[in-house]
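Worksheet for the structure shown next.
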Amino acid sequence: MDRGDEGTGMDRRELIRSTAAFAAMGTLVGRIAAAAEGEPLQNAADQQTTVLITGASRGIGLEFARRYAGRNWRVIATCRNPASAEALQALKAQHENLILEPLDVLDHAGIDALAARYANQPIDILLNNAGIGGGMENQLFGRLNYATFNEVMAVNAIGPMKVCEAFVKHVEASRLRKMITVSSNQGSIGSVDAARLYWYRSSKSALNMLMVNLAFQLKSRGVIVGLVTPGMTDTDFMKGLPKKMLRPVADAVTDMAREIDRFDLSMTGQFLDTKGQIVPW
Ligand SMILES: NC(=O)c1ccc[n+]([C@@H]2O[C@H](COP(=O)([O-])OP(=O)(O)OC[C@H]3O[C@@H](n4cnc5c(N)ncnc54)[C@H](OP(=O)(O)O)[C@@H]3O)[C@@H](O)[C@H]2O)c1
């Protein structure tokens with residue numbers, strides 16, 4: 001390329017930059033004028049990164065909501081019972097970009113209704129976090145509680161699948177296009193070295209298989225599907241275990257958020273631990 005070409009290239013780039021800047025300014029002025037006239041800022045949210053989190057009332061989901069709100073993202077924090085989710089309410093009071101929505105992942109009609117209310121609104125990261133353990137006492141061989149198996153599967157595996165199916169268009173229309181699910185090392189069949197937690201483990205293995213299928217399904221649509229695991233984390237989920245066995249929730253979320261940021265389409269379908277290592281299936 002000779003200097004003449006370079007010079008012409010620079011001029012074009014300058015022109016493009018200036019045009020883009022004027023266009024952005026025009027949009028902003030238009031928005032402000034519209035708002036002044038009492039018209040809602042229709043697409044203001046489109047300019048922002050949006051994350052939707054399930055099970056944001058406490059534990060890991062709450063910490064994710066805090067983390068992403070701290071990035072000034074638009075956070076759609078969902079939980080079963082917003083009225084009693086005091087920590088989440090307090091977080092909402094500090095962040096105007098945090099929206100609280102009721103959502104029980106067992107309620108498929110409710111999931112569809114929420115997806116319909118957010119129709120045409122891009123969701124950059126759909127974060128399936130809600131989960132239950134099912135209680136140790138219900139998963140002891142010889143005294144297995146089979147009703148608990150259905151419940152654990154419905155919350156931990158079927159619920160996230162339904163959420164992904166309902167919100168696929170929102171994610172597809174976004175900039176980051178990520179569907180991330182919090183799984184567990186307990187779902188790793190390759191890591192099993194003793195019998196325990198029949199239901200919980202099976203639900204997370206099923207969840208992993210569902211998400212791997214989904215990764216193949218959505219790759220050509222540019223949607224990244226990823227699985228992360230927090231490791232043993234100090235939340236209500238692990239109540240009763242000695243604290244020294246558990247990591248602070250903030251550390252677990254720091255690690256998972258880093259891996260979520262790192263996920264790209266070439267990594268779709270991977271299951272990553274807190275160090276970014278691939279967890280065996
Ligand atoms: N903590 C760990 O060491 C650990 C390890 C591996 C994986 N995980 C996974 O991490 C995720 C979060 O766990 P956590 O430690 O934060 O547990 P947690 O403190 O017990 O919180 C669980 C969250 O899930 C919500 N939830 C339960 N059933 C739901 C339903 N039907 N619909 C919507 N939300 C529901 C709870 O809401 P309510 O407040 O309404 O009950 C709560 O917000 C789970 O998927 C869990 O399997 C945790």
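Its Cα centre serving as origin, region 47-272 has a Cβ charge dipole (Lys and Arg +1, Asp and Glu -1) of approximately 280 debye. Separation of region 211-281 from region 141-168 is 19 Å, based on Cα centroids. Have a look at Phe216, Met245, Thr148 and report the one farthest towards the positive end of the charge dipole of region 131-281, computed about the Cα centre with Cβ charges (Lys/Arg +1, Asp/Glu -1). Farthest towards the positive end: Phe216.
Express in nm, to one decimal, how much length is gained between Met209 and Asp107 on full extension, taking 0.36 nm for each residue of separation and deducting their alpha carbon distance.
Working: separation 102, 0.36 × 102 = 36.72 nm, distance 2.18 nm.
Computed gain between Met209 and Asp107 is 34.5 nm.
How much length is gained if the chain between Asp261 and Leu241 is pulled fully straight, taking 0.36 nm per residue apart and subtracting their Cα-Cα distance, in nm to one decimal?
Working: separation 20, 0.36 × 20 = 7.20 nm, distance 3.04 nm.
Contour length minus the Cα-Cα distance gives 4.2 nm.
Modelled label positions at Arg196 and Lys275, each set 7 Å beyond Cα in the direction of Cβ, lie 2.1 nm from each other. For Glu165, put the label point 7 Å out on the Cα→Cβ axis and report which residues of region 61-85 keep their amide N under 18 Å from it. Answer for this model: none. With no solvent and one equal point scatterer placed on each C-alpha of region 86-241, evaluate the Debye formula and give log10 I(q)/I(0) for q = 0.10, 0.21 Å⁻¹, two decimals. Debye curve over Cα of region 86-241, log10 I(q)/I(0) at q = 0.10, 0.21 Å⁻¹: -0.41, -1.41.
A short reminder: the numbers here are calculations on the coordinates, not readings from a lab. On a predicted model such as this, the values are computed, not experimentally measured, just so you know. Backbone-built Cβ (ideal geometry, glycine too); neighbour counts: all protein chains shown.
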